[in-house]
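A short worksheet on the structure shown next.
The values are calculated or read from the model by the stated rules, or taken from the named source; none is laboratory data. Values in this document were obtained by computation on a predicted structure and should not be read as measured data. Note that we place each Cβ from the backbone using ideal geometry, even for glycine, and neighbour counts take in every protein chain shown.
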2 protein chains.
Amino acid sequence: MDRIPILKIGPALLVTIQVDLHDDVAMALEEDLGNRIVKSGAKGVLIDISALEIVDSFIGRTLANIAGVARLLDAETVVVGMRPAVAITLVELGLSMPGIRTALDAERGMAVIRARIAEVGTADDHVVDKR
Amino acid sequence: MDRIPILKIGPALLVTIQVDLHDDVAMALEEDLGNRIVKSGAKGVLIDISALEIVDSFIGRTLANIAGVARLLDAETVVVGMRPAVAITLVELGLSMPGIRTALDAERGMAVIRARIAEVGTADDHVVDKR
């Protein structure tokens, strides 16, 4: 398996991480996600990490990079399904994951993205009204 | 990785198959899916196989089993993301996958499930009207 599949569901792109993120897989994922955001106009990226028992600093950095790329392309990243033990490890590693939103599961993550679209939609309308 | 994550998205459960389905992983997936359908009341199961370059008779049978279990629990299974080469192999193997619906991608698969819910909803209303 060289590439992690990216699924378009509603307004979001969904990625389920099930395998160890080696350098090349992580880089391919970042690149693929960037391309798919541009191509699909998705406003959100849901990353499910419920299968991961361990999140080391490399995975933490990869998630932060993905969120950074997505933000520049006007999409919000929500990490879902984090196990409590993983959260503890991340805090112990000093990785507070700034700029990454989390939600308990995919359904709640999707709600976060929809809420953000509703907000941004209102803001855009406001700008248009002012012109 | 011992279990494949199952995500609840809207009215459906979503499974992305990225790893080789060994006996124990496949059995755990069937069991987990059955439990989640009952617990969540999901009306559909989306199985993304876009990461699979090869679908052998074991995987074909596993998908058929999942669809069979889901059907008994009143949920429709839609397999999405099948590669053309995989479709050719399945036909050559004589696995026509009866009872399994397919869709080109997750978004179209979700539409199939929503359409089915709309249909069933109408049928139920009709029965209620007759009483």
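May I ask you to list the residues in region B:1-57 that are among the polar types (S, T, N, Q) and surrounded by 15 or more Cβ atoms within 10 Å (Cβ to Cβ)? Lay out the reasoning, then the answer.
From region B:1-57, those among the polar types (S, T, N, Q) are B:16, B:18, B:35, B:40, B:50, B:57; that's our starting set.
Passing the criteria: B:THR16, B:GLN18, B:SER40, B:SER50.
Among the residues of region B:5-16, those identified as under 16 Å from A:PRO5 (Cβ atoms), more than 7 Å from chain A (Cβ to nearest Cβ) and either in a loop (DSSP other than H, G, I, E, B) or without any contact (Cβ under 8 Å) to a residue 60 or more places away in the chain (or both) are B:ILE6, B:VAL15. Closer than 18 Å to B:ALA12 by Cα, surrounded by fewer than 19 Cβ atoms within 10 Å (Cβ to Cβ) and within 16 Å of the chain's Cα centre (by Cα) - does that describe any residue in region B:74-87? Yes, the conditions are met somewhere in region B:74-87. Apart from one condition, B:VAL19 fits all of (1) at pLDDT below 90; (2) assigned to a helix (DSSP H, G or I); (3) of a type in the set (Val, Ile, Thr); the exception is (2).
Output the helices (runs of 4 or more DSSP H) that fall wholly within region A:36-131 and possess 3 or more residues being within 14 Å of another protein chain (Cβ to nearest Cβ), modelled with pLDDT of 90 or more and closer than 23 Å to B:LEU7 by Cα, or say none. Of the helices (runs of 4 or more DSSP H) lying wholly inside region A:36-131, those with at least 3 residues that are within 14 Å of another protein chain (Cβ to nearest Cβ), modelled with pLDDT of 90 or more and closer than 23 Å to B:LEU7 by Cα span A:106-130.
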